[in-house]
1. I'd like to verify something in chain B: which complete DSSP H helices, judged by Cα projection on the helix axis, reach 30 Å or more and average at least 0.0 on the Kyte-Doolittle scale?
2. Across bins of 20 angstrom width beginning at 0, how are the C-alpha pair distances of the protein assembly as shown distributed, in whole percent?
3. Between A:Asp167 and A:Ser23, take the C-beta separation as r, use R0 = 56 Å, and let me know the FRET efficiency to the nearest 0.05.
4. Just checking the output field for B:95-104: average partner chain Cβ neighbours within 10 Å of each residue's Cβ?
5. Just to be sure I understand: if you take the accessible area of chain A alone plus chain B alone and subtract the pair, with a 1.4 Å probe, what total do you get in Å², rounded to 100?
6. Past 19 Å, Cα to Cα: identify those pairs from B:Lys99/B:Lys192; A:Lys171/B:Lys35; A:Lys128/B:Lys8, in the order given.
7. Computing the accessible area with a 1.4 Å probe over protein heavy atoms, can you report the carbon and sulfur percentage for the stretch B:103-172?
8. Starting from the Cα of A:Leu282, step 7 Å toward the Cβ, then list every residue of the stretch A:66-105 with an amide N under 18 Å from that point.
Amino acid sequence: MRIQTEELLASSKSARLRKKQKSSLEKNEHIAGWLFVAPMLIGVFMFVLLPIAATFVLSMTDWKFVQSMDQLKWVGFGNFTELMSDRVFLKSLLNNGIFLLTVPICMAISLLLAVVINKSVYMKGYFKVAFFMPYISSVVAIAVVWQVLFHPSAGPINQTLMALGIDNPPKWIADPNFSLISVMLIQIWISVGFNLIVYIAGLQAIPKQLYEAAEMDGANGWDKFRKITFPMVSPTSFFLLITGIIASFKVFDLIAVLTKGGPMHSSSVLVWHLYDTAFVNLDIGYSSAMAMVLFVIVFLITIIQWVGQKKWVNY
Amino acid sequence: MKQINVRKLITTVIVFLTSLLFLLPFAWMLSTSFKIEADVFTYPIQWIPERWNGFNNYMEVWFGDYPFYLYYWNSLKVAVLTTVLSCTVSALAAYGFSKVRFPAGKWLFLIVLATYMVPQQASLVPQFILYRQIGLFDSHLGLILLGSFSVLGTFMLRQFFMGIHDEYIEAAKIDGAGQWKIFWRIALPIVKPAIATYAILRFIWTWNDYQNPLIFLRTDALYTIQLAMQKFTTINGEFYSLIMAAAVSAILPLLLIFIFGQKQVIDGIALGGVKG
């Protein structure tokens, strides 16, 4: 009916009508769009945007959990200046820096394993599962198992080391010189599986012709790896680098279960110190300042990497 | 017959030995959970216990003074409900951001994506204050809501919705179907495998979560398995055979899920990884 009428109407009139119709359709579409994304937006607002704004405000105050609202004191950037001379905080930050080493080490091990597993082994399926086991298991259970394995005198690891003739093996998580390294070792052990799976997927996307052509030119295995494999998986490496670095700043479970930042703050990291300040010492203002530092660091890393990626990633 | 390649065989053996480094801690955990306490640290390691005490160990963990069945039930409840809610919210948002055209859509998606960078720890304290104000503190509902708005889930599912050709949707529109009907009848069935993958991953992550229950739960009877595991370790400090039985119990459901959903888990990780 309507279409017939439209045909009969003068062109200007029909155009106006169509516009009107279209706009009402468009309006419906807009409402539908908002409705579909509304739950997610409300969640993001409630659980991320609002809290991060609140963290920013709280970071400029001096306030304890046990105090009422009117005892809140405005201190501006005082908390941040205080952080700069807080030895535990600086130590934690330094430990985060050292902890970053786990990311490239883990990537290197995973890439090597991925190349080998992808091409030159039997039982591929078994290997994917075996290396993936630690990633799938709960960190708390794993941490508890390692706690016992690392037991200074009776633990299987040190018993093995002593049987091999090492008289004074490290005390691992009980030793200030080794606690951070121990946690890093376990972190690498956990993340190899994830990196490996992602790398294998990346390797499988490389066109076979590239290798065939290189073989015809007489390239050996190392040449092929250096000139084809490595550049071709660079987007994957880039992804693993970003996510790995950001994840390394969020490591909490391992430290909380294994060392609680000790002994003598030797394995404390930013997030642990933040938790300790906020929920053990109940110092909201000061811990919020730490949260802001964490936020800014992660933000900067992301920006720097997005800018820098163009220089070395092949898409 | 296919010939066995010697070089490939040697490589397999070497990689197999490496893989033992990743499996032996689990083997040790499992065998210790069946031992009597006195045999735990016997050296050389008894991989197969000489004196079996498995039944008693597991009975003590599951139905003893600190009963795991209760915490199991809590974990199951929280993980299942979080998974269902998170899949729903993410699927709706993913469809809205990919298949419904509305002017705000593009920049709203950018905002949501940008929040992926915010470390949860940076917003923990205000979340805690908020929860105490609105009465969600120390409740399973609060915990479930915390895990239900996943940017990663939305992003992953959006990739799949984008793969649906617009012609399907245009055709349905011409037939007079509204966006809701298109979502429910056409789009959702197509991305079902992707939702299954995300659901498995979300379940595993929620089951394994330690930080949120630690901060947002106080009542012992509400504890999830990870908190219970940690507390059990503290209480039973020196009973390593019991602790290992508890650890095996905490990992077991994940293993079962992984064995049955292996392809989904690995594909999900690989896909999320490659597409970034």
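1. Both cut-offs are met by B:6-32, B:68-99, B:240-275.
2. Percent of Cα pairs in each bin: 17, 49, 28, 6, 1, 0.
3. 0.10
4. Counting Cβ atoms of other protein chains within 10 Å of each residue's Cβ and averaging gives 5.
5. 7800 Å²
6. A:Lys171/B:Lys35
7. Ligands and nucleic acids excluded, carbon and sulfur reach 66 percent.
8. A:66-73
The values are calculated or read from the model by the stated rules, or taken from the named source; none is laboratory data. This one's a predicted model, so the numbers in the text were calculated from it and none came from an experiment. When we count neighbours, we look across all protein chains shown, and the Cβ atoms used for this are built from the backbone with ideal geometry, even at glycine. All accessible areas refer to the heavy atoms of the entire protein, side chains included, with ligands and DNA or RNA removed. Shrake-Rupley method; radii C 1.70, N 1.55, O 1.52, S 1.80 Å.
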